[in-house]
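Data block below; observations after.
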Amino acid sequence: MKKRFFLIVIVSLLSACASTSKKPLSPAEQQANLLSAINKGGVRRIVVGDELRLILPNNCFFIKGTSRLKVSAYPTLDRLVTLLNQRKNFGIDVLTFTPTPDLQQETSDLARQQALAIEDYLLDQGLNIRIIVARAWDRQDQSPDRGVRFDGDQPQILATEIRTRHLLPEDSD
């Protein structure tokens, strides 16, 4: 008798647990979870005015010395697509920094290939954008129009930066 009663109690508890539905997350909670997951993926996120800058350390995203993305980078890049698709009327620049001021051609070529690899992956995963530019970028490329390195950035660290920017009316043509 005790076994039967115990079995009935267990079955009723399990059915009660199974019937409770999860409350859907609010958009703010979804956004917070998305940003948290992106940060855990190694991406540094900086907001400067209307511009969003995402810093991707290349050692976490690329196989060393190549432009091939690591499989472990895919989930974070997929989350970046979700985040970037939420920003309307924005263009995107994908900039890969070269590690030394005395730019060597092969380093510049690798940086350009890495920027293109990120661009291609984002577009393949459904990035909805009208303008996207990928390029290598070193200290010589700094200008007020293009922006500058962040104070804490070390020149020997190779990183890819994704910058969003408002599209101007002439960009829409």
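Read the figures in this text as sums done on the coordinates, not as results from a lab. Computed from a prediction, not measured in an experiment: that's the story for all the values here. Neighbour counts run over all protein chains shown; Cβ positions are idealised from the backbone, glycine included.
Shown in residue order for region 117-124 are the 3J(HN,Hα) couplings computed by the Karplus curve 6.51 cos²θ - 1.76 cosθ + 1.60 at θ = phi - 60°: 5, 5, 4, 4, 5, 4, 5, 5 Hz (x for Gly and Pro).
What is the calculated FRET efficiency for Val47 to Ser108, with r their C-beta to C-beta distance and R₀ = 41 Å, to the nearest 0.05? Let's see the in-between values first.
On the way: r = 29 Å, r/R0 = 0.71.
My answer for the efficiency is 0.90.
Where in region 31-54 does the label zone of Asp78 land, with the point 7 angstrom along Cα→C-beta and an amide N cut-off under 20 Å? Under cut-off, by backbone N: 31-44.
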